[in-house]
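Everything below concerns the one structure shown next.
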Amino acid sequence: MPQTLNTPFILVTGGTSGIGASTALHFAHAGASVLALGLDAQGLHAPRHPRIQCQELDVCDSAQLNQTIEGLPRLDALINAAGISRHEKEYQPETFMQVLHTNLTAVMQASMAAAPHLQQSRGCIVNVASLYSYFGSKDRPAYSASKGGIVQLTRSLAQTWATAGVRVNAVAPGWIATPLSEGLMADPEASAGILSRTPMQRWGQAAEVAAVIGFLCSPAASFVNGAVIPVDGGYLTV
Ligand SMILES: NC(=O)c1ccc[n+]([C@@H]2O[C@H](COP(=O)([O-])OP(=O)(O)OC[C@H]3O[C@@H](n4cnc5c(N)ncnc54)[C@H](O)[C@@H]3O)[C@@H](O)[C@H]2O)c1
């Protein structure tokens, strides 16, 4: 991966598929070097670009997560996009904890490990929340709890590092076409329910979320801190 001292360096967890992969491509197209961490790092959905390095890493492996981030030469933005949903299995304690660890605890760990780099670069963090940050869900209690937690963690860390020049924000994607949502998209009844409530009457694209993440990391967002921006075609307005 080509890198000069002045090239912005972006880390994307969950960068090997879906929204994270699109975000990695967004930054690479803009000239940054990107490290995309995730599972199935050489798989079908992993982004391919000369400035993107995909690395297999389980964000629940705290030691490896810390070591990887601490060992970076520089860091301008951390995008926490890794996330899982386990549906009704989330009523089992082990699965509940696994989802919380992946979607929430690992975000805290990555953010803490990244903080010294980001203070040096006056960089930023963008977390990926969800519509389930606003709604409860009887179908996925851990996912919903983790995404509710992401909003408050975003607001808390936004306060913590504000005077150190590090901004922390989140996007809350609506229904986005990615491998995670494939099952729902393929279910005609569920998909029709989603589309009928979405004022824009369509699924969102991962690139449309990536563009808002890009905005939050740009100088245009220099006074945006602790914000959670819905990217949902208007779903939350109904
Ligand atoms: N697709 C949607 O409609 C939607 C809506 C709202 C929020 N989100 C959120 O967006 C984020 C990305 O989801 P997506 O739709 O792109 O899904 P996806 O399944 O396409 O991608 C998820 C990514 O997370 C990674 N990941 C999962 N567990 C991991 C682990 N233990 N360690 C490291 N990486 C891990 C995967 O490897 C993959 O790169 C998630 O946080 C998800 O909750 C998605």
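The values are calculated or read from the model by the stated rules, or taken from the named source; none is laboratory data. Computed from a predicted model, the values in this text were never measured in an experiment. All Cβ positions, glycine included, derive from the backbone under ideal geometry; neighbour counts span all protein chains shown. The area values use the complete protein model at the heavy-atom level, side chains included, leaving out ligands, DNA and RNA. Shrake-Rupley method; radii C 1.70, N 1.55, O 1.52, S 1.80 Å.
For segment 135-151, a residue qualifies if it is away from the ligand (no atom under 11 Å from the Cβ), more than 24 Å from Pro219 (Cα to Cα) and either touching a residue at least 40 places away in the same chain (Cβ under 8 Å) or open to solvent by 30 Å² or more (accessible area, probe 1.4 Å) (or both), and the qualifying residues are Phe135, Gly136, Lys138, Asp139, Pro141, Ala142, Ala145, Gly149. Thr95 meets all of the listed conditions (1) closer than 20 Å to Ile176 by Cβ; (2) open to solvent by less than 30 Å² (accessible area, probe 1.4 Å); (3) assigned to a helix (DSSP H, G or I); (4) within 14 Å of the ligand (Cβ to nearest atom) but one, namely (1). Taking every residue in segment 176-202 that is under 29 Å from Leu39 (Cβ atoms) and among the small types (Gly, Ala, Ser) and pairing it with any residue that is open to solvent by 70 Å² or more (accessible area, probe 1.4 Å) and assigned to a helix (DSSP H, G or I), at least 6 positions away or on another chain, the pairs with Cβ-Cβ distances below 6 Å are Ser191/Met185.
Somewhere in segment 193-204, is a residue farther than 24 Å from Thr102 by Cβ, open to solvent by 30 Å² or more (accessible area, probe 1.4 Å) and among the hydrophobic types (A, V, I, L, M, F, W, C)? For segment 193-204, residues farther than 24 Å from Thr102 by Cβ, open to solvent by 30 Å² or more (accessible area, probe 1.4 Å) and among the hydrophobic types (A, V, I, L, M, F, W, C): present. Can you give me the number of residues within segment 50-59 that are open to solvent by 30 Å² or more (accessible area, probe 1.4 Å) and under 22 Å from His117 (Cβ atoms)? Here the count works out to 5. Here Ser156 does not fit the description of being open to solvent by less than 50 Å² (accessible area, probe 1.4 Å) and out of contact with any helix residue (DSSP H, G or I) (no Cβ under 6 Å at 6 or more places or on another chain). Restricting Ser22, Ser62 to those that are small (Gly, Ala, Ser), open to solvent by 10 Å² or more (accessible area, probe 1.4 Å) and closer than 24 Å to Trp203 by Cα reduces the list to Ser22.
Count of segment 31-83 residues, restricted to those that are part of a loop (DSSP other than H, G, I, E, B), closer than 26 Å to Thr154 by Cα and either without any contact (Cβ under 8 Å) to a residue 12 or more places away in the chain or near the ligand (Cβ under 8 Å from one of its atoms) (or both), is 10. Of all the residues in segment 124-134, those that are open to solvent by 10 Å² or more (accessible area, probe 1.4 Å) and over 18 Å from Ala106 (Cβ atoms) number 1. Within segment 98-114, being buried (at least 21 other Cβ atoms within 10 Å of the Cβ), within 14 Å of the ligand (Cβ to nearest atom) and hydrophobic (A, V, I, L, M, F, W, C) holds for Val99, Leu104, Ala106, Val107, Ala110.
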